[in-house]
1. Looking only at the range 76-98, decide whether some residue is under 16 Å from LEU25 (Cα atoms), part of a loop (DSSP other than H, G, I, E, B), at pLDDT below 95 and not polar (S, T, N, Q).
2. Listed residues ASN99, ASN113; which is under 18 Å from the mean Cα position of the chain (by Cα) and either exposed (fewer than 12 other Cβ atoms within 10 Å of the Cβ) or on the phi > 0 side of the Ramachandran plot (or both)?
3. If I filter the range 115-122 for residues that are among the β-branched types (Val, Ile, Thr), over 18 Å from ILE29 (Cβ atoms) and either out of contact with any Lys or Arg (no Cβ under 8 Å at 6 or more places or on another chain) or in contact (Cβ under 8 Å) with a residue 12 or more places away in the chain (or both), do I get at least one hit?
4. Can you tell me which residue among ALA47, ALA32 is outside any strand (DSSP E or B), in contact with a His (Cβ under 6 Å, 6 or more places away or on another chain) and either within 18 Å of PRO114 (Cα to Cα) or among the charged types (D, E, K, R) (or both)?
5. Evaluate the following for PRO64: is it of a type outside the set (A, V, I, L, M, F, W, C) and free of Cβ contacts under 8 Å to residues at least 40 places away in the same chain?
6. Quick one: which residue in LYS115, LYS56, LYS22, LYS71 is of a type outside the set (Val, Ile, Thr) and touching a Phe, Trp or Tyr at 6+ places or on another chain (Cβ under 8 Å)?
7. Do you know which residues across the range 102-130 are modelled with pLDDT under 95 and within 18 Å of GLU75 (Cα to Cα)?
8. Could you say whether any residue in the range 55-75 is exposed (fewer than 14 other Cβ atoms within 10 Å of the Cβ), farther than 16 Å from VAL137 by Cβ and touching a Ser or Thr at 6+ places or on another chain (Cβ under 9 Å)?
Amino acid sequence: MKAFLLFLLLTCFPLLMEAQEKPLLEVEILQAKSNSGMIRVLVFQQADGFPDDLNKAIRSISIPSTLPTSKLLIEDLDAGTYAISIIHDENLNGKLDTNPVGYPTERFGFSNNPKIYFGPPSFEKAAFKLDKGSKTVQIRLK
């Protein structure tokens, strides 16, 4: 019986340690315009598809918008490089609304809060490293 318990402990210990080593990512979303609608969050681990291809994002998460700050905890990511894009979907249509000339009429943001010129930033400008432990990323909506 003791041999079996020792075997079980030795077999499961690496799995338990791996589960404990997953980093914790907290995302704070600032400057939403209202409590209406949902905050739509896409997490990418590669440039392909960034910032809006839902099929290439490794996580797609929607949370209620809360003022002054919406918070999201992501616990199941591995250590690595990530970039996040966010829209405040006030009318719940699942997309970023724009005016006739293409300028967004709903708020949006990216990790690292890069300057926005004539389109979304590159993955590299929004990318951040997630290591063991915990990390907080603040994203200001524009």
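1. Checking the range 76-98: at least one residue is under 16 Å from LEU25 (Cα atoms), part of a loop (DSSP other than H, G, I, E, B), at pLDDT below 95 and not polar (S, T, N, Q).
2. ASN113
3. No, every residue in the range 115-122 fails to be among the β-branched types (Val, Ile, Thr), over 18 Å from ILE29 (Cβ atoms) and either out of contact with any Lys or Arg (no Cβ under 8 Å at 6 or more places or on another chain) or in contact (Cβ under 8 Å) with a residue 12 or more places away in the chain (or both).
4. ALA32
5. It is true that PRO64 is of a type outside the set (A, V, I, L, M, F, W, C) and free of Cβ contacts under 8 Å to residues at least 40 places away in the same chain.
6. It is LYS56.
7. none
8. Taking every residue of the range 55-75 in turn, at least one turns out to be exposed (fewer than 14 other Cβ atoms within 10 Å of the Cβ), farther than 16 Å from VAL137 by Cβ and touching a Ser or Thr at 6+ places or on another chain (Cβ under 9 Å).
The values are calculated or read from the model by the stated rules, or taken from the named source; none is laboratory data. Nothing here was measured: the structure is a model prediction, and the numbers come from that model. No Cβ is skipped: glycine too gets one built from the backbone with ideal geometry, and neighbour counts run over all protein chains shown.
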